[in-house]
Amino acid sequence: MEPRVETAYLLDFYGALLTPKRREMLRMRYEEDMSLSEIGAQMGVSRQAVSDGMVAARKKLEEYEAKLGLVRRYLAITAEAGACLQALDADDRAGARRHLQNILQIER
């Protein structure tokens, strides 16, 4: 997965666990596509402070994902649900059943 997309997922799932300042830095970078200099100017800190804060925030998000695995689980379930829908569209009941069983397996 592209790092930018991965960070957006991590921010969606775990952003509330970050400090407000770090969450805002990541939000401005990944949702508003602002440069580090623009973020620093808006927040009244240096570009280096923004960079350091974002590295620390990204590390925290990765730690949360390593422990909780919510993004990984969400992506796996979404992929299986999509495959199940395709199997149903193709009138492949056995395939649909297999994908539903995979979803149940993920949930356990």
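The values are calculated or read from the model by the stated rules, or taken from the named source; none is laboratory data. In this text, all values refer to a predicted model and were calculated from it rather than measured experimentally. Positions of Cβ are generated from backbone atoms using ideal geometry, with glycine treated the same way; all protein chains shown enter the neighbour counts. SASA here: full protein model, heavy atoms, side chains in, ligands and nucleic acids out. Shrake-Rupley method; radii C 1.70, N 1.55, O 1.52, S 1.80 Å.
A 1.4 Å probe run over the protein chains yields, for the chain, 66 Å² of accessible area per residue, whole-number rounding.
The loop-placed GluC sites (Glu not before Pro) in the range 1-76, going by DSSP, that have at most 14 neighbouring Cβ atoms within 10 Å of their Cβ come out as Glu31, Glu32.
Using 0.36 nm per residue, how much length does the chain from Ala16 to Asp91 gain when fully extended, once their Cα-Cα distance is taken away?
Working: separation 75, 0.36 × 75 = 27.00 nm, distance 4.19 nm.
That pair, Ala16 and Asp91, stretches by 22.8 nm at full extension.
Note on the range 26-108: with neighbouring protein chains present and a 1.4 Å probe, carbon and sulfur make up 51 percent of its accessible heavy-atom surface.
Scalar couplings 3J(HN,Hα) for the range 50-62, obtained by applying the Karplus form with A = 6.51, B = -1.76, C = 1.60 to θ = phi - 60°, are 5, 4, 4, x, 5, 4, 5, 5, 4, 4, 4, 4, 5 Hz; x denotes Gly and Pro. Derived scalar couplings between HN and Hα for the range 22-36 equal 5, 4, 5, 4, 5, 4, 5, 5, 9, 9, 9, 6, 7, 6, 4 Hz in order, rounded to whole Hz, by the Karplus curve 6.51 cos²θ - 1.76 cosθ + 1.60 (θ = phi - 60°), x for Gly and Pro. In the chain, the DSSP-assigned H stretches of four residues or longer account for a calculated mean residue ellipticity at 222 nm of -26500 deg cm²/dmol, using -39500 (n - 2.57) per stretch and the full residue count as denominator.
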